1. Can you give the helix-only mean residue ellipticity at 222 nm for chain C, where every DSSP H stretch with n ≥ 4 adds -39500 (n - 2.57) and the sum goes over all residues, rounded to the nearest 500 deg cm²/dmol?
2. If I build a Gaussian network model for chain C, linking alpha-carbon pairs within less than 10 angstrom, which residue out of C:SER62, C:SER118, C:SER90 has the largest mean-square fluctuation?
3. Grab the beta carbon distance between A:THR121 and D:ILE2, set R0 = 30 Å, and tell me the FRET efficiency rounded to 0.05.
4. With +1 on each Lys and Arg Cβ and -1 on each Asp and Glu Cβ, how big is the dipole of chain C about its Cα centre, in debye rounded to the nearest 20?
5. Net charge around C:ASP36, counting only other residues with Cβ within less than 14 Å of its Cβ (Lys, Arg = +1; Asp, Glu = -1)?
6. How far is B:ALA78 from the same spot in each other copy, in nm, shortest first, if each label point sits 7 Å from Cα toward Cβ?
7. Calculate the dipole size of the protein assembly as shown relative to its Cα centre from +1 charges on Lys and Arg beta carbons and -1 charges on Asp and Glu beta carbons; express the result in debye to the nearest 20.
8. Among the lysines, which fall within straight-line cross-link reach of C:LYS5, defined as a Cα-Cα distance under 16 Å, with same-chain neighbours fewer than 8 residues apart omitted?
There are 4 protein chains.
Amino acid sequence: MITIKRLDLDDARVLLAHARARADEIGVPMCIAITDEGGNLIAFERMEGGKVTSSTIAIDKSFTASAAKKATHDYGSASQPGAPAYGIASAIGGRLMVVGGGLPVIVDGAVVGGIGVSSGTPAQDQDVAQAGIDGFLATL
Amino acid sequence: MITIKRLDLDDARVLLAHARARADEIGVPMCIAITDEGGNLIAFERMEGGKVTSSTIAIDKSFTASAAKKATHDYGSASQPGAPAYGIASAIGGRLMVVGGGLPVIVDGAVVGGIGVSSGTPAQDQDVAQAGIDGFLATL
Amino acid sequence: MITIKRLDLDDARVLLAHARARADEIGVPMCIAITDEGGNLIAFERMEGGKVTSSTIAIDKSFTASAAKKATHDYGSASQPGAPAYGIASAIGGRLMVVGGGLPVIVDGAVVGGIGVSSGTPAQDQDVAQAGIDGFLATL
Amino acid sequence: MITIKRLDLDDARVLLAHARARADEIGVPMCIAITDEGGNLIAFERMEGGKVTSSTIAIDKSFTASAAKKATHDYGSASQPGAPAYGIASAIGGRLMVVGGGLPVIVDGAVVGGIGVSSGTPAQDQDVAQAGIDGFLATL
C-alpha cells in the first residue's frame, strides 16, 4: 500500500483566498474550484458576477488538472486537429478540459490536488489559478 | 443578499413573437428558446418545419447566452483550433454552444435572460434572435 | 410508407392555453410541455412561480406520454416494487416518467402528441393536463 | 420583468459556517452546498472525512431544495412505492433528491436559495442544513 499527501479543506481555503484576491485585482469575478489528488471536489466559490456556465467548467478544469496531473492549457497543442490527442476535449462526457485555467497543485514533486478557474479569458483564468497556487505554496 | 431583474413569461412571449415574425419574414421555420438570467428555460416553440435536433440546440444556445452573459457567436473565433478557448465547445456535456444564434438579453446593462434560435444557418439564427431582442426592447 | 397525423404548433398553443387557464383556476403555477407523436418538444412554458426542476419533468412527462402512448400515471401500479415493470422509472436516463401529469393526446384513436405538466401534486398536474386536452378536443 | 432577491456569496459563506459548526458539534464531517434561487451552485465545501459520493449528493439536494422550493425530505412519503410521486427520485437524470438534507432558504416568504448537506444519516444532514439556515437568518 502507499501513503499519499493531498490537499485538505484548510489548504483549499488558502488556495481559494489567494485566487480570489487576484481575481479582485484584475477585476474579473470568477468561479474557482479546488479538487484533491483524485480529482474530487473539495471546495468551490462563484464570486458575484461569475458565470453560471463557469461553475461546471471551473470544477472540470480542476478535475482535469489534478486527475490527469497536467495543466489544462498543456493539452492545447496535442489536442489540435491533426495532433495525436485530437478528440480528447470531448472525453469523459466533455469533462476533460483542454482550455487554460486548470493547474495541478504540486508539492515536493507530487500532485496533491488541483485548482480550476473560469469566467475570464483562458489567460486570465490561468493567471488567477497560478496566483492561488503561488499564495498557497508561500504558506508551506 | 442581492436583488436582480429577470425576464418573466410575458417578456418571453414578446421575445418569441418578434423572433417568429422575423423567421416568417426570411422564410426559415425555427426553434426558439427563452431562458432567464440563470439559464433556466422559460418558454420554447418549434415552428412547423423547425428541426427536431434544433430543439436542444436552441435551448442550449439560450442557456449559454444567458448563463455565460455572452453571445454564442462571440465564442466563434476564440474557440477555433489553435485559439485559446479551443475545446470549450464540448464543455458542460456539450451544452456550451459556440455557434451563432444565442444572444443575452440586456436591460440597463444587466443580463436578464437569453434567447436561442436554431434551424437555419448560424447567421439566420442570429438574425432572428436579434429581431426578438429588438422587438422586445422596443416595448420597454 | 405511412401517413400520420400529429399536433402542430397552433394545436400546441391551444393545449397550452387551456392547461394554463386551469392552472390559474386552481392557483398553482405550472410548467407545461407539448410534444409531437414522436415525443419531440413543440412548445413549453414555465408560468411565473413554476418550479425550475419541473421544466425538465414536464418535458419528460410529455415525452413519455406521447412516445410511449400512455398516461404517465398508468405506469403507477406496473412500476411498483414486485410488479413486472419495476425499474422502468429510471429508464432512458430517468426520462421515462411514471408520476402522474403526462397524458397522450388522442384524436380518432391515434396518439398525435402529448402534454406534460409539473409543479403541483401529481393529481393537480394530471388535472391541468386533462384540462388542456379537453379544451383542445372541443375545438376540433 | 420581475425583481427577485437571491443569496450572494457572502450569504453562502455564513450558511456554510453555521452548518459546519453544527457538523463539528455532532462529530460528522459533511459535504455542504449552497445554491441560488435558480438552483445554480454558489459555494461548496467537503469537510475532512466528508464522503466523495456526498459531493454530488449535497449539490443535488441544494439544487432540488432551491429549484423545487421544497425540502427534500418533504418528498419522502409522497415518493414511496404506492404513493403518488413514486418514481420522482430518478427524475432529471437522478438530480432530484428525495432524501433529507436539502432545505430551501426562505426570506420574507420567498425562496432565495438552498442548502444541501450529505455524509451523515438523512436526519443528521437535515439537522446540519437547518443549523446553517437558523444561523444565517439570525444575521439578517
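1. Values: 3 runs with 49 residues, N = 140.
The helix-only estimate for chain C comes to -11500 deg cm²/dmol at 222 nm.
2. C:SER90
3. Details: r = 33 Å, r/R0 = 1.09.
The calculated FRET efficiency here is 0.40.
4. 340
5. 0
6. Its label point is 2.5, 4.1, 5.0 nm from the equivalent points in the other copies.
7. Details: 44 positive and 60 negative charges, 194 e Å.
For the protein assembly as shown, the charge dipole is close to 940 debye.
8. C:LYS5 reaches C:LYS69.
Since every read-out is calculated from the coordinates, none of them should be taken as a lab result. These numbers were taken from a predicted model, which means no experiment stands behind them. Positions of Cβ are backbone-derived with ideal geometry, glycine not excepted, and every protein chain shown enters the neighbour counts.
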